[in-house]
Each structure stands twice: as structure tokens, then as C-alpha cells.
Amino acid sequence: THFGFEKVKESEKERKVHKVFENVALDYDVMNDAMSLGVHRLWKDYFMCQLSPTDNTKLLDVAGGTGDIAFRFLQYVKNGNYKNCHVTVCDINSNMLEVGKIRSERLKHQPETISWKEGNAEELPFNDNSFNAYTIAFGIRNCTHIDKVLEEAYRVLQPGGRFMCLEFSRLENSYTQWMYDQYSFQVIPVLGQLIAGQWKPYQYLVESIRQFPNQEDFKRMIEEAGFRQVSYENLTLGVVSIHSAFKL
Ligand code: SAM
């Protein structure tokens, strides 16, 4: 019938769209692995251990992209058999969210444990005091106004809620920083060209890492947004750092 035909066409289109998104995600994941030599997986695992969710954790993962942090959260909660937990993935780019949804279906997550919301970190589409945990991994660096992102994080967290950020940072030792800069500026754009066929975005990536405030300056900004007990920890000699804070 006509209806049946439409249906076949629709599912074929969906399949094609999914394919396009998948390729984007694939590029994204391959680049992450290539540039960090796979270490970004360990950083994200460790990040989730530091958050150590328990029963009733309502997490908002901002700039959540294709779900890397959210999926680790759900796995952690499942392993620990924690009850009544939920994660909301928020990202400004709906394509990334679409890829995330497909990945999530493949991983067979309980649909009621995860939701997806398009939105800007600087103007979150959520009510005040809606979550008790907030994460942002490799996302705040891309935002125009870091202070607005922090203000919004503070607003949507409940009193007692925790803020955690995983981001590229400054190396502890200036000589290693120099070597790292040589690697970043000379190798990463080349890898981008070879693997993803694009130079510019990866040059931008390296520059954005260099422009982001160092550990101490970022800590001060978090305090200025009203957070308390602000601390940070360097991973891999300071290539990335984890900042943690509470709304009290
Ligand atoms: N958190 C994920 C991870 O660790 O794999 C994704 C990180 S990815 C490098 C950066 C993400 O930030 C992208 O998905 C991008 O769409 C998102 N992003 C950039 N600016 C944003 C903004 N102002 N608000 C929300 N998301 C944003």
C-alpha cells in the first residue's frame, strides 16, 4: 500500500540520517583517541569516580555531547546498584545529542534514567535548584562567557549540590609545558588534517586550550560565582584538571 511504501522510505531516510550522525561521532571519537592517545577515557573514568554518585543523584551533564560522561554515570550507578538516579544531557548541538541517543539505545540504557535537552550552558533551560550534581567535561572552554556558565551552574543546583568540571589545563612544569605546546601546535592540526580531513578546527582546539584560564584563576572564578569548598586536582601532570565545588 501507499502507506507501507511511505513507511519504508521514512525508515530508509532515518537510517541515512543516523549514518551521517554516526560518521560525525566516529570522527569525534577517533580524534579524541588519537589526540590523547586514548587517555581521555581514563580521565573520564576517574572523573566519574571522583563524583562518586550514590542513591538519588540527579545529574545535569552540560556540553554532554554524545554522552561519554552520562554513560559512565549510568554504568557507575548500575554497578553500585544505586536507586533513583537520573542524568540529563544538555548540549547546544542537537546533532551531538542525536548521536548520543543512538549510542544510548545500543547500550540498552533504561530510557527513564536519561534525558536529552538542547540548550546553551550560558542560559540553561532548567528551573532553579533542579539538580544535585552538575558536570561539564571538555565543554566550558568552548563557551564565550565562562562567568555566565558558572552562574547558571550555581542557579540550577540545589543547596548542597556539587559542581565538577573536567578541562584541559596548564602543566605544572614550564619545561614540560613547552614540550607539550610543541606537540599541540605542530602535531594536533596535522592529525586533524590526516584523520578528519580538517586543519582549522584542530588549530582552534589547541588555541582554545591555551587561552583557557589556568587552575588557580579558574578556581577563583568558581568562587566568584558563589561556590564554596572549591578545589582542584591535576591529572597527567596538569594536561587536564578536575575542579570541584559545592553550592552551600
Ligand atoms: N562532554 C563530552 C565529552 O567529554 O566527550 C563532549 C565534549 S565536546 C569537546 C564539547 C561539546 O560542547 C560539544 O558537544 C559542543 O556542542 C558543546 N558546546 C559548545 N558550546 C556550548 C554551549 N555554549 N552550551 C552547551 N554546549 C556547548
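Reported count of residues in segment 26-40, each being more than 10 Å from the ligand (Cβ to nearest atom) and at negative phi, is 8. When Asn56 is tested against (1) assigned to a loop (DSSP other than H, G, I, E, B); (2) without any contact (Cβ under 8 Å) to a residue 60 or more places away in the chain, just one condition goes unmet, and that condition is (2). Of all the residues in segment 196-248, those that are in a helix (DSSP H, G or I), of a type in the set (Phe, Trp, Tyr) and more than 22 Å from Leu150 (Cα to Cα) number 2. The set of residues from segment 54-70 being in contact with a Cys (Cβ under 8 Å, 6 or more places away or on another chain) and either on the phi > 0 side of the Ramachandran plot or crowded, with 23+ Cβ neighbours inside 10 Å (or both) comprises Asn56, Leu59, Leu60, Asp61, Val62, Ala63, Gly64. Against the test of being modelled with pLDDT under 95, β-branched (Val, Ile, Thr) and in a helix (DSSP H, G or I), the options Val24, Val77 yield a single qualifying residue, Val24.
Please verify whether segment 87-106 includes one or more residues that are of a type in the set (A, V, I, L, M, F, W, C) and over 24 Å from Phe163 (Cβ atoms).
Taking segment 87-106 and keeping what is of a type in the set (A, V, I, L, M, F, W, C), we get 87, 89-90, 92, 96-97, 99, 102.
Within this subset, residues satisfying the condition of being over 24 Å from Phe163 (Cβ atoms) are 99, 102.
Yes, segment 87-106 contains at least one residue that is of a type in the set (A, V, I, L, M, F, W, C) and over 24 Å from Phe163 (Cβ atoms).
Report the residue count in segment 140-166 for those that are within 18 Å of Pro213 (Cβ to Cβ), more than 12 Å from the ligand (Cβ to nearest atom) and either part of a helix (DSSP H, G or I) or of a type in the set (Gly, Ala, Ser) (or both). Number satisfying all stated conditions: 4. Within the option set Val187, Val156, being in contact with a Ser or Thr (Cβ under 7 Å, 6 or more places away or on another chain), surrounded by 12 or more Cβ atoms within 10 Å (Cβ to Cβ) and hydrophobic (A, V, I, L, M, F, W, C) holds for one residue only, Val156. Taking the criterion of being of a type outside the set (Gly, Ala, Ser) and either surrounded by 17 or more Cβ atoms within 10 Å (Cβ to Cβ) or closer than 12 Å to Gly64 by Cα (or both), the residues of segment 103-120 that qualify are Arg103, His109, Ile114, Trp116, Lys117, Glu118, Asn120. Residues in segment 157-174 that are over 18 Å from Val230 (Cβ atoms) and of a type in the set (Asp, Glu): Glu172 alone. Can we say Leu171 is within 16 Å of the ligand (Cβ to nearest atom), crowded, with 16+ Cβ neighbours inside 10 Å and either more than 21 Å from the chain's Cα centre (by Cα) or not in a strand (DSSP E or B) (or both)? Criteria not met by Leu171. Taking the stated definitions as given, is Leu166 surrounded by 14 or more Cβ atoms within 10 Å (Cβ to Cβ), within 21 Å of the chain's Cα centre (by Cα), modelled with pLDDT of 95 or more and closer than 18 Å to Asp29 by Cα? Yes, satisfied. Here segment 58-98 is the region considered, the condition is being more than 15 Å from the ligand (Cβ to nearest atom) and closer than 21 Å to Glu118 by Cα, and the residue that is farthest from the chain's Cα centre (by Cα) is Cys85.
Counting just the residues of segment 108-133 that are free of Cβ contacts under 8 Å to residues at least 60 places away in the same chain and within 11 Å of the ligand (Cβ to nearest atom), which one comes out nearest to Thr54 (Cα to Cα)?
Going through the qualifying residues, I end up with Lys117.
The values are calculated or read from the model by the stated rules, or taken from the named source; none is laboratory data. Nothing here was measured: the structure is a model prediction, and the numbers come from that model. Using ideal geometry, Cβ is built from the backbone for each residue, glycine included, and neighbour counts are taken over all protein chains shown.
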